[in-house]
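Take a look at the structure set out below.
Read-outs throughout are calculated quantities, based only on the coordinates presented, and are distinct from any laboratory measurement. Keep in mind that this is a model prediction, so the values were computed, not measured. Cβ placement follows ideal geometry from the backbone for every residue including glycine, while neighbour counts extend to all protein chains displayed.
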C-alpha cells in the first residue's frame, strides 16, 4: 500500500467507524426497547437501499473525467471536512457539547419505550423498523459518500470499500458482543481526525482539479494533513481561553481531545 | 409532495453545507481563484490552504459569538 493509499484507507476507516458507532447506538436503542426482529428488518432494508445507491453512484463517478471529478469531489470534501472540523474544534475547545453516545442511547430508549406498537405488512413493530432504518440509512449515506468519493478519486474503490466494510464489521461485532453503546470509543477525537483528513484531501484534490500543481505531487498530502491538524489544534488552544465553564471536571488543554475518555 | 421535496432539499443542504453556508461560498470562490491563477505563470497550490487559514477561524469566531 502506498503512502496515499494508507492515508485513503485510514480516512475512510475512521470516518466509517464514527458513523457506524452512531448508527449502532440507534439500532441498539430500537432493539433493546422494542425487539430485535423489527429493528433487524430496518437495518437490512437500509443496507439494501444503501447498496443500490452505491451501485448507481459508484460506476457513474468513474465515467466523469478525472480533472472534473477531483474538482467536484475536492470542493465537496473541503466543505464537508471544514464542517466536521468546525464542530470538532468547537467541541474540543468547550464551545459545543461533546457527542455523548450514552446520553443519545438513553434519549432514544426513552422515546422508543413510549411509542405505540403498530404492525404494517411483514413488520410487527413499525416504530422499531423506521427508527433502525433511518439511523442506518442516514449514517450510512455519509459512509457511502466518503467511500465513493475517496475511492473514485484515488482510482481505488476496492480499497475504500474494504476500509468501509472493515470499520462497519469491527463496530458491529464489538456492539453485538457488549450489547451497549460504544461510549468508550473516543468519538470526538475520531471526528477531529476525520475532519482533518477530509479537509486535507479536499484541499489536495480540489487544487489538482483546478489545475494547480502541488510541490512534491502526492507527497504533499503527507505535509498538508499534519499542518491542518496543527492549525486546528492551535485554534482549539486559542478558543479554550474563552470557553464557558463545563459542568464536568476541568481538563488540561493538552488533553482537550481526549475529554470524552476521561 | 412539496413538503417532501423541501425536506429532501433541506437534508442535502444540511448534509453538505451544514451550519455555515459562508464556508461553502468561500471554498467555491477559492477554487475559482485557484483555477484562474493556474492559467498564469504564478503557482496556484497555496490558494486553498490560505482560504482554509482564513475561513475556519472566521467561521469559528462567528459560532463562538452566537453562543
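Descriptive notes on the structure:
- The Cα center of the stretch A:121-147 and the Cα center of the stretch A:3-75 differ in position by 11 Å.
- Footprinting exposure proxy for A:90, A:82 (fewest neighbouring C-beta atoms within 10 Å first): A:90, A:82
- Largest GNM mean-square fluctuation among B:26, B:15, B:35, using chain B with Cα springs under 10 Å: B:15.
- As a calculated quantity, the FRET efficiency between residue B:39 and residue B:11 at R0 = 56 Å, using C-beta atoms, amounts to about 0.90.
- For A:155, A:213, A:95, order by how many other beta-carbon atoms lie within 10 Å, fewest first: A:155, A:213, A:95
- Cα centroid of the stretch A:215-236 to Cα centroid of the stretch B:1-61, whole Å: 19
- The stretch B:19-66: C-alpha gyration tensor shape, a/c 1.5 cut-off, then a/b vs b/c: prolate
- Two-site label geometry, residue A:107 and residue A:172: point separation in nm, points 7 Å out along Cα→Cβ: 2.7
- In nm, spacing of pseudo-spin labels at residue B:58 and residue A:134 (7 Å Cα→C-beta vector): 3.6
- Rounded to 0.05, the FRET efficiency of the residue A:162 and residue A:48 pair, given R0 = 30 Å and the Cβ-Cβ distance, is 0.90.
- Model label sites at residue B:22 and residue B:46, defined 7 Å from Cα along the beta-carbon direction, differ in position by 2.5 nm.
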